[in-house]
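Values quoted throughout were computed directly from the atomic coordinates according to the rules given, and no laboratory measurement underlies them. Keep in mind it's a predicted model, so treat the numbers as computed, not measured. Cβ sites come from the backbone with ideal geometry, for glycine too, and all protein chains shown count toward neighbours.
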Amino acid sequence: MSAQPHVVIIGGGFGGLSAAQALKRAPVDITLIDRRNFHLFQPLLYQVATGSLSPGEIAAPLRGVLSKQKNARVLLGDVVDVNPETNSILLADGAIVKYDFLIVAAGAQSSYYGHEEWRQWAPYPKSIEEATEIRHKILYAFEVAERISDPVSRASWLTFVIVGGGATGVELAGAIGEIARQTLRNDFRSIHPEEARIILMDGAPRVLMPFPEELARNATEALERLGVQVRTGVMVKEIDREGVTFAQGTTTSRLDARTVIWAGGVAAPPLGRALATSAGADTDKSGRIKVGPDLTLPRFRNIFVIGDLALSLDRSGKPLPGLAQVAMQGGVYAAKSIVKRIKMGRELPPFEYFDKGNLAVIGRAAAVANAFGFKLSGLPAWLVWAFIHLMYIVQFQSRVLVFIQWALQDLTFSRGARMITGTTTTDFNFNNEIAAQRSQPNAEITQPAGTAYR
């Protein structure tokens, strides 16, 4: 058995995978543990949710990525607890894994701010399963509207609400706008998809709060050109099967919408809370673990916490954002710190995040970018966005496939992954609808009333 220090990495996302690869030539044995057997490129998950890409095009098998790295192995498992006193972790199946150094890159999960009952009605694109559920909901809504005749019911199916005006919400709203006004425009005979209502809601005074106000305004204008209604200063009060109740100022309103998508906040996963308890670490209100300047826990210097789970501060004392580039830089820093300790017994200087900027895409040749001190919008920003995302995709094969899909989509307005799979809690019972129509005198069942084939 090897006498080299054992580095255990929890999570195969951007932070965990970057740490493992940065330790490629280090005198350590690496065990990477993840609940999934693949690395998921989450920034493009919304494109799975809107039919632009298939899940396999943004996912890479972890064993394949690390197959040539001889000092690394991958284990499929769900870590449920950490015992810092014994330098061990506990898996859900009862297995115990020992470590000398631990890098926790468990990411974050969606947060409904204490309203978990909303999750079944408003999925958040945080996993492949949730993304494909959203794709189902979006495409299924048009199919239902094509078959039903009641104009009020049809309008509710053709109303799409996205809650959250950050980058994910803006990207989802823009993509649905393109679906309705471009992709599906000529595909139906009884409805006009371009007449769909797409509403983006946020409690903040504007969308894209981390961006400069000028770019946020450009993004809003681009969304409006796609038919998206942007409503800011709105607080959601209730989400159910039929729609959304929200407050704006002192007025509370109800909006019938059969497709609601959550793009709100995130919170620490259960493992984060377990680690904080066992290590006596402080957390913020979302459960992120407060780490020291070297990304370690104050009482346990051999435990690094990186990425979305870490509450790390920049030079000005502000928390670092939950972005892929923060996780990747944190993973590389943790790896270098471990190597320096092993080889020289010394510490690295405190972690310093190099901010490469923020990017958000709205639609075809429309994006905003605040990168390297430059403020860009429109086609130049879209080109920057596309290049950076292609470079961050782990596998070369996936980069090629994604590039081809984007090229075809921009040329033809088509989306190659428009499959309706599985079921959702909001699926419609056509038998009940037809029965209701038959109970009405002179009801037209085979062709929705008031419409004509085109």
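Could you pull out every one of the lysines with an alpha carbon less than 21 Å from that of Lys375, ignoring same-chain neighbours closer than 8 positions? Excluding near neighbours in sequence, the set is Lys356. Look at the Cα gyration tensor of segment 15-125: its axes a ≥ b ≥ c give a/c of at least 1.5 with a/b at or below b/c, and that counts as oblate.
Projected label points at Glu242 and Gln229, each 7 Å from Cα along the beta carbon direction, are separated by 1.8 nanometres.
All Cα-Cα separations within segment 206-295 were binned at 10 Å from zero, giving a P(r) of 13, 27, 28, 23, 9, 0, each value a whole percent of the pairs.
Amide H contacts of Leu75 (H built 1.01 Å from N, in plane; Pro and chain starts excluded): Leu32, Ile33, Asp34 sit under 5 Å, all sequence-distant by 5 or more or on other chains.
Of all aspartates and glutamates in the structure, those lying under 20 Å Cα to Cα from Lys318, and not within fewer than 8 positions of it along the same chain, are Glu213, Asp282, Asp284, Asp294, Asp308, Glu352, Asp355.
Computed from point charges on the beta carbon alone (+1 for Lys and Arg, -1 for Asp and Glu), the dipole magnitude for segment 191-305 about its Cα centre is near 520 Debye. Label sites at Met391 and Ala365, each approximated as a point 7 angstrom past Cα along Cα to Cβ, lie 2.4 nm apart. Principal-axis analysis of the Cα atoms of the chain puts helix 167-178 at an angle of about 30° to the longest axis. In this structure, the amide hydrogen of Phe188, modeled 1.01 Å from its nitrogen in the peptide plane, lies closer than 5 angstrom to no residue at least 5 positions away or on a different chain. The Cα center of segment 1-78 and the Cα center of segment 354-414 differ in position by 23 Å.
For Val152 and Lys70, what is the calculated FRET efficiency with R₀ set at 45 Å and r taken between the beta-carbons, to the nearest 0.05?
Efficiency at R0 = 45 Å is approximately 0.10.
Distance between the 7 Å Cα→Cβ label points at Thr252 and Gln4: 6.2 nm. Could you tell me how far the Cα centroid of segment 153-231 sits from the Cα centroid of segment 263-323, in Å? Using only Cα atoms, the two centres lie 33 Å from each other.
In this structure, Asp93 and Phe374 have a Cβ-Cβ separation that, at R0 = 60 Å, corresponds to a calculated FRET efficiency of about 0.75. For segment 100-163, the spread of Cα coordinates along the three principal axes comes to 65, 23, 15 Å, biggest extent given first. Across the alpha-carbon set of segment 9-80, the Rg to Rh ratio works out to 1.03, Rh being the Kirkwood radius. Of the beta bridges in the chain, as assigned by DSSP with both residues counted there, near 55 percent are antiparallel.
Computed with the Debye formula from one identical point scatterer per Cα of segment 346-430, without solvent, the log10 of I(q)/I(0) at q = 0.23, 0.27 Å⁻¹ comes to -1.12, -1.28.
Dividing the mean sequence gap of close Cα pairs (under 8 Å, 6+ apart) by how many residues the chain holds gives a relative contact order of 20 percent.
Distances over 21 Å make up what percent of all Cα-Cα pairs in segment 293-383? Each step should come with its number before you reach the end.
Details: 1798 of 4095 pairs.
Here the tail beyond 21 Å accounts for 44 percent of pairs.
Where does helix 396-412 land angle-wise versus the long Cα axis of the chain, in degrees 0 to 90, nearest 10? Roughly 20 degrees, rounded to the nearest 10.
Tilt of helix 324-344 relative to the longest C-alpha principal axis of the chain, in degrees (0 to 90, nearest 10)? The two axes meet at around 10 degrees. Among the listed values (i) 23.5, 73; (ii) 20.3, 62; (iii) 23.8, 87, the one matching Rg and Dmax of the Cα atoms in Å as calculated from this structure is (iii). Charged side chains reduced to their Cβ positions (Lys and Arg at +1, Asp and Glu at -1) give the chain a dipole of some 1280 debye around its Cα centre. Rounded to the nearest whole Hz, the Karplus-based 3J(HN,Hα) values (6.51 cos²θ - 1.76 cosθ + 1.60, θ = phi - 60°) of segment 282-294 follow the sequence 7, 9, 8, 5, 8, x, 5, 8, 6, 10, x, x, 9, with x at glycine and proline. Shape class for segment 14-56, computed from the alpha carbon gyration tensor (a ≥ b ≥ c): prolate, with a/c not under 1.5 and a/b above b/c. At q = 0.13, 0.25 Å⁻¹, what log₁₀ I(q)/I(0) does a Debye calculation on the Cα points of segment 274-318 give, no solvent, two decimals? Taking Cα atoms of segment 274-318 as identical point scatterers yields -0.24, -0.87. Full extension of the chain segment joining Asp314 with Glu347 gains 10.0 nm, where the gain is 0.36 nm per residue of separation less the Cα-Cα distance. Using 0.36 nm per residue and subtracting the Cα-Cα separation, the extra length available between Thr412 and Arg399 on full extension is 2.7 nm. In terms of other Cβ atoms within 10 Å, Thr245, Thr220 run from fewest to most in the order Thr245, Thr220. For Ile103, the amide hydrogen comes within under 5 Å of the amide hydrogens of Val8, Ile9, Ile10, Phe304, counting only partners 5 or more places away or on other chains and with H modelled in the peptide plane.
The length gained on full extension between Arg189 and Asp284, counted as 0.36 nm times the residue separation minus their Cα-Cα distance, comes to 29.0 nm.
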